[in-house]
Amino acid sequence: MLTCEICGEDIMLEEDMRTHLLLSHLENDMHCPLCPLSGVSYDELCFHISSAHPEKQRGAQDPDRFSSTLGCCSAGTDTGVTGSKKPQTPQSSAGEAAPTGASRVTRDLVRPKYNSTPDSEGSSTGEAASVTRSPKTRQEAVRHCDEDKDGVKSEHRGAKQKRLSSPGKEKLFPCPMCALVCSSCFILQEHVELHLQEQRSAEGSTLEACSPAMASPSASRLSGEERFECPMCAVVCSDSFCLQEHVELHLDHGAAVNSAGSPGSDLKLARQLQQEEEQRRRLEEAQQERQEFKKLQRQFGLDGSGGYSRQMERTMERAVSRGLMAPAEFHCKRAEMMESLALGVDDGRTRTQGVVRALYEYYQTECKNSVHVWLSADTDHYCSSAGDKGWGCGYRNIQMLLSSLHTIDAYAPLLKEKEVPSIPRVQSMIEEAWKAGLDPHGASHFNQRLQGTQAWIGATEIYTLLTFQGISARIIDFHKPTGPGDTHPRLFEWVKQYFQSGRSGRLPPRLIRTSLPPLYLQHQGHSRSIVGLEQKKNGSLCLLLLDPGTSASDTRKLLSRDTVSPAVRHVRKFSGSLKHKQYQVVAVHGVMSAEEKQISILNSRTLCAERIP
């Protein structure tokens, strides 16, 4: 409970106390009726008239006339003045001086002024006159009120004690339109008139009657001054400092409302921060996925950097720029390449013929520690060239397999190309198989296009091409190691059974040259062709592999008796040399009829491999 030190009224809240001080105890903005003096208190105005206008002293000492004169003088303000008697005494006229902290402001405020009841000698009587005054801000009004309080404290001490001793004798007048309680009916009347004036305002703005910061400025007082309009309400201030303090009140009030009136603001902020974090994380993940996808596209030749012919041209251009190739030779080789690509036939620059026959002769005369050796049908070796280096191993293994099928009477009639096709031609053949309905999932992976790209191919593309030619094939998936040290002994056993197929139960000879085509062997990142199997006396098995990564010059060493022995060591691969996690084998095992081909095309929609184990 708070008690007003001037009038002794008990008030519950601090904000209500401030409102009470502003409306009940601030000095009024009085005007001299005889000269332009304004902005002074009632006592100061009395002292001014008695000292500056002695010829009017008689009229000024008449309380009724003086009050009516003051009422007429201040009637030009927005709120009006209610006159009352206030006799002038020597103490009030000459003893009181203007407060040093008084300041001029432009916003109007209705404030009653009370006089103390005659308790002792020298005190004055009468009801206070309600006049207008406009403090700059609520805080400055309170400070001004504190300064005025010291001057009138002795004057109201008696009234305060009387009110404290007998609070029930004072009659209070509550406002019917707000929570304000007035101690005088005249003050209540002026206060209600403010409410009615706000309702009749042409601008339609709603102003708080109990807050001086929201009152409209006096038109007569601001008529000759520069005006500063509030950007947040209809208040007009006379200077920039007053406007600044007024706007700060708006901001302070808004901050208080947001903090006190919105208890979920912290939760909203936390949710907003969480959403921003989630969005930033999704953007980072999407960017990382795009980078990984581009990396995979470059790795598998799907980044649009050009195909076989473009890579060959760039390689020859670099050779010319380095002085390794003459310009005339460049144009000659380029013309030959374009001619072979137009025909769809491999130019044979990377081919080595007679490799299997050379291995057969080697095992006949040498390597006596082998118990059994199985060899496939004749197969030519194709190595990578400048046009497909880094991505053409799958195409080169297809060329090796097709070169062997051309030598087998059962498969040669089914091949559309009578000679081994070039890499661009192999790409177009696989695209034709896709258009026929084979392996739709693989076609979508490559976006239905291989020509003009450096795309890697694997076991499924080999199967698709053979099925499209009417050749029956199967894919065997050795999806995990089956031996110690991540080895695949089941793979070696399966290859042995493949080369032993069709043989009788009697003991086979030491060296067997079969009519079976080679096997396509695929693992992560590379592929090779199995053209034979060697079994040692200790029972260990060894695969004979032709690698597209081996240069033509190294492969041709197999054809010479002087260099065949060291060259064979690069062909042999024991179990400890094959330690990849997964291997796939494509094996040719017959010819399909037209009905079987259609069934294979339908089944390729869900292409499945035989898993071992």
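Once divided by 2.2 N^0.38 Å, the Cα radius of gyration of the range 371-423 becomes 1.31. Placing a label point 7 Å from the Cα of residue 418 along the Cα-to-Cβ line, the residues of the range 328-363 whose backbone N sits under 19 Å from it are 340-348. In plain terms, the chain from residue 336 to residue 227 could stretch by 30.1 nm, reckoned as 0.36 nm per residue minus the Cα-Cα distance. Modelled label positions at residue 371 and residue 320, each set 7 Å beyond Cα in the direction of Cβ, lie 6.0 nm from each other.
Computed extension gain for residue 526 through residue 551, at 0.36 nm per residue and net of the alpha carbon distance, reaches 7.5 nm.
For the range 568-613 versus the range 331-372, the spacing of their alpha-carbon centroids is 23 Å.
Between residue 572 and residue 10, the contour length at 0.36 nm per residue exceeds the Cα-Cα span by 191.4 nm.
Here residue 347 and residue 472 are evaluated by their C-beta separation; at R0 = 35 Å the FRET efficiency comes out at 0.70.
For the peptides 386-395, 360-369, the ranking by mean Cβ contacts within 10 Å, running from highest to lowest, is 386-395, 360-369. In this structure, the residue pairs whose Cα-Cα separation is over 32 Å, taken from 389/557; 368/389; 418/536, are 368/389; 418/536.
Here r is the Cβ-Cβ distance between residue 537 and residue 501 and R0 is 30 Å; the resulting FRET efficiency, rounded to 0.05, is 0.80.
Relative contact order of the range 476-613, taken over Cα pairs closer than 8 Å and 6 or more residues apart, is 38 percent. A crude spin-label estimate for the pair residue 268 and residue 565, with each label 7 Å from Cα along the Cβ direction, gives 9.0 nm. Here the residues 347, 562, ranked from fewest to most Cβ neighbours within 10 Å of their Cβ, fall in the order 562, 347. Over the range 455-613, the Kirkwood radius and the radius of gyration, each from Cα atoms, give a ratio Rg/Rh of 0.98.
Rule-based calculations on the coordinates, nothing more; no lab input. Everything numeric here is computed off the predicted structure, so don't read it as measured data. Neighbour counts run over all protein chains shown; Cβ positions are idealised from the backbone, glycine included.
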